[in-house]
1. Confirm whether residue 43 is more than 13 Å from residue 124 (Cβ to Cβ), touching a residue at least 24 places away in the same chain (Cβ under 8 Å) and not in a loop (DSSP other than H, G, I, E, B).
2. How about the stretch 102-123: which of its residues are touching a helix residue (DSSP H, G or I) at 6+ places or on another chain (Cβ under 9 Å) and farther than 14 Å from residue 26 by Cα?
3. Between a residue in the stretch 17-30 that is on the phi > 0 side of the Ramachandran plot and any residue that is assigned to a loop (DSSP other than H, G, I, E, B) and at pLDDT 95 or above, which pairs come within a Cβ distance under 8 Å, given they are 6 or more apart or on different chains?
4. Find the residue count for the stretch 31-44, including only residues that are at pLDDT 95 or above and surrounded by fewer than 13 Cβ atoms within 10 Å (Cβ to Cβ).
5. Among what's in the stretch 64-101 and is out of contact with any helix residue (DSSP H, G or I) (no Cβ under 8 Å at 6 or more places or on another chain) and assigned to a helix (DSSP H, G or I), pick the residue that is nearest to residue 49 (Cα to Cα).
6. Give the stretch 47-69 a look and list any residue that's surrounded by 13 or more Cβ atoms within 10 Å (Cβ to Cβ) and on the phi > 0 side of the Ramachandran plot, or say none.
7. Hey, any hits in the stretch 48-63 for a residue that's modelled with pLDDT of 95 or more, touching a helix residue (DSSP H, G or I) at 6+ places or on another chain (Cβ under 9 Å) and closer than 23 Å to residue 130 by Cβ?
């Protein structure tokens with residue numbers, strides 16, 4: 001099956017970027033009520049002046065990603081206390097804005113993107129995990145004898 005050549009449409013040439021109507025739809029996306037999700041992972045990078053962090057989580061987010069870049073951090077949190085590479089439990093507010101059918105088709109055909117919505121993530125709280133305490137102790141204190 002031959003692939004059709006890109007043609008001109010409402011936004012001008014399809015060769016570069018999104019058409020204006022698609023940009024407008026994305027910019028005016030309406031986010032619904034947030035859902036709070038918990039994930040464990042670690043901080044990859046910290047942007048103190050912007051109150052943002054990049055994190056990697058062990059369990060994928062609802063959209064399938066395991067890395068969240070530019071996660072918004074509330075100004076009430078002390079970003080300078082965050083530590084890279086340590087395991088945390090993150091409670092994240094997930095905001096979702098669905099996309100229209102026409103935009104979904106454009107993203108799939110032109111950019112090979114299969115996405116149904118735009119997601120925004122905001123850190124609600126984080127808790128440093130005590131990972132070392134999960135390791136088995138060197139000596140077992142609960143040895144039982146099974147003598148007959």
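1. It is true that residue 43 is more than 13 Å from residue 124 (Cβ to Cβ), touching a residue at least 24 places away in the same chain (Cβ under 8 Å) and not in a loop (DSSP other than H, G, I, E, B).
2. 113, 114
3. Going by the 8 Å Cβ cut-off, there are no qualifying pairs.
4. The total comes to 3.
5. Residue satisfying both the conditions and the ranking: 81.
6. Result: 51, single match.
7. yes
The values are calculated or read from the model by the stated rules, or taken from the named source; none is laboratory data. Since the model is a prediction, treat every value here as computed from it, not as a measurement. Backbone-built Cβ (ideal geometry, glycine too); neighbour counts: all protein chains shown.
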